[in-house]
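The values are calculated or read from the model by the stated rules, or taken from the named source; none is laboratory data. Worth saying up front: this structure is predicted, and the values here are computed from it rather than measured. In this analysis, Cβ positions are derived from the backbone assuming ideal geometry, glycine residues included, and neighbour counts consider all displayed protein chains. Ligands, DNA and RNA are stripped out before the accessible areas are found, and what is left, the full protein with its side chains, is counted by its heavy atoms. Shrake-Rupley method; radii C 1.70, N 1.55, O 1.52, S 1.80 Å.
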Amino acid sequence: MLEIVKAEYLSDYKLKVWFNNQQVRIVDLESSLCGEVFVPLRDKSYFKEFTIPFNTVQWDNGADFAPEYLYGIGTPAV
């Protein structure tokens with residue numbers, strides 16, 4: 001089961017994400033912020049305020065993304 005163990009805000013809508021499979025990826029969520037629950041995340045100050053309460057990043061309004069999705073759209077960090 002793929003899980004996120006750490007995440008860090010980079011810039012714009014980009015996060016650096018550490019996965020439990022020892023991979024680190026850069027994830028750009030700008031084009032993924034579609035739908036009512038993601039509207040507040042378009043405010044970058046709100047976007048920066050995420051937590052990892054379980055196995056993925058989550059925002060106070062309940063918005064989150066599956067770790068598999070984040071891994072899939074991410075690019076390897078160098």
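Data for the structure
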| quantity | calculated |
| --- | --- |
| Accessible surface, per residue, of the chain when the full set of protein chains is kept, probe 1.4 Å, Å² | 59 |
| Two-site label geometry, ASP12 and ASP60: point separation in nm, points 7 Å out along Cα→Cβ | 2.6 |
| Reachable aspartates and glutamates from LYS48, criterion Cα separation under 12 angstrom, eight or more residues apart if same chain | GLU8, ASP12, ASP60 |
| Pairwise Cα inverse-distance average, inverted: Kirkwood Rh of the chain (Å) | 12.4 |
| Solvent-accessible area of THR51 with every protein chain in place, 1.4 Å probe, in Å² to the nearest 10 | 70 |
